[in-house]
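Participant: Sharing a structure, written as structure tokens. Questions coming.
The values are calculated or read from the model by the stated rules, or taken from the named source; none is laboratory data. Since the model is a prediction, treat every value here as computed from it, not as a measurement. Glycine gets a Cβ as well: all are built from the backbone with ideal geometry, and neighbour counts include every protein chain shown.
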Amino acid sequence: MPGDLCDPDLAHLGRINHGVGTLGACRIARIPREVLADLVERYPGIARALRCAKLAEEETTREWVMNLGCRSAVERVAHLLCELHERLRIVGWATKGGYDLALTQQDLADTTGLSNVHVNRVLRQLRLMGLVEVGGRRVDILDLPGLQAVAEFQADYLRPASG
């Protein structure tokens with residue numbers, strides 16, 4: 001996603017134990033660990049921003065544990081569509097009416113722990129409920145409050161307090 005960090009704690013860890021990939025073309029900036037450590041030392045605002053990014057990452061992880069462990073298939077897919085909408089809206093890539101989506105139905109299935117066939121059924125159900133239309137590489141949100149209600153979506157976990 002635009003503006004995402006691979007791992008806000010990398011300056012302290014020195015390595016990551018997972019792969020990082022993109023679904024399309026992107027621009028990245030590689031900041032050597034020593035340079036980042038120096039910047040954090042000299043500019044406390046950078047340290048605070050990295051801490052906020054880490055808090056958001058931790059909150060998102062907790063939310064996804066809840067998604068996979070406690071929510072129905074419809075709620076999971078609706079939640080993912082709401083989360084993507086909010087994250088893209090924050091960076092100016094989504095409107096209230098929807099967003100372009102570089103994910104395939106299989107990507108949605110992998111993310112939500114469902115089969116491709118099940119995701120197809122869920123997307124059809126959400127469309128029949130008048131909430132969302134997913135086609136090609138576009139998500140058109142027909143009823144954002146309704147979609148958020150089905151997903152039990154509260155966006156505050158994406159923007160934790162910096163306190």
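Participant: Test of understanding: among THR112, THR61, which residue is hydroxyl-bearing (Ser, Thr, Tyr) and crowded, with 19+ Cβ neighbours inside 10 Å?
Facilitator: Going through THR112, THR61 in turn, just one is hydroxyl-bearing (Ser, Thr, Tyr) and crowded, with 19+ Cβ neighbours inside 10 Å: THR112.
Participant: Between LEU101, LEU126, LEU142, which is among the aliphatic types (A, V, I, L, M), surrounded by fewer than 18 Cβ atoms within 10 Å (Cβ to Cβ) and out of contact with any Pro (no Cβ under 8 Å at 6 or more places or on another chain)?
Facilitator: Sole residue among the options that is among the aliphatic types (A, V, I, L, M), surrounded by fewer than 18 Cβ atoms within 10 Å (Cβ to Cβ) and out of contact with any Pro (no Cβ under 8 Å at 6 or more places or on another chain): LEU142.
Participant: Also, quick follow-up: Pairs, please: C-beta under 7 Å, at least 6 apart or cross-chain, first residue part of a helix (DSSP H, G or I) and in the stretch 53-77, second modelled with pLDDT under 85 and hydroxyl-bearing (Ser, Thr, Tyr)?
Facilitator: GLU59/TYR157; THR60/TYR157; GLU63/TYR157
Participant: Something else about it: Looking at ALA155, ALA102, ALA73, can you tell me which residue is under 26 Å from GLY3 (Cβ atoms), small (Gly, Ala, Ser) and touching a helix residue (DSSP H, G or I) at 6+ places or on another chain (Cβ under 9 Å)?
Facilitator: ALA155
Participant: State yes or no: is ALA94 within 30 Å of GLY45 (Cα to Cα) and either touching a Lys or Arg at 6+ places or on another chain (Cβ under 7 Å) or of a type in the set (A, V, I, L, M, F, W, C) (or both)?
Facilitator: Yes: the conditions hold for ALA94.
Participant: Condition check: exposed (fewer than 14 other Cβ atoms within 10 Å of the Cβ), under 23 Å from ILE141 (Cα atoms) and of a type outside the set (D, E, K, R). Does GLY69 satisfy that?
Facilitator: no
Participant: Of the conditions (1) among the charged types (D, E, K, R); (2) closer than 27 Å to ASN116 by Cα; (3) modelled with pLDDT under 85, ARG71 clears all except one; give me its number.
Facilitator: Of the numbered conditions (1) among the charged types (D, E, K, R); (2) closer than 27 Å to ASN116 by Cα; (3) modelled with pLDDT under 85, the odd one out for ARG71 is (3).
Participant: Here is a further query. Residues being under 13 Å from VAL122 (Cα atoms) and either touching a Ser or Thr at 6+ places or on another chain (Cβ under 6 Å) or acidic (Asp, Glu) (or both): count how many of those fall in the stretch 59-79.
Facilitator: Selection size over the stretch 59-79: 3.
Participant: So which helices (runs of 4 or more DSSP H) are wholly in the stretch 82-163 and hold at least 3 residues that are of a type outside the set (Gly, Ala, Ser) and modelled with pLDDT under 95?
Facilitator: Correct list: 105-112.
Participant: Next question, about the same structure. So, VAL40, is that one modelled with pLDDT under 90, touching a helix residue (DSSP H, G or I) at 6+ places or on another chain (Cβ under 7 Å), on the phi < 0 side of the Ramachandran plot and of a type in the set (A, V, I, L, M) or not?
Facilitator: Yes.
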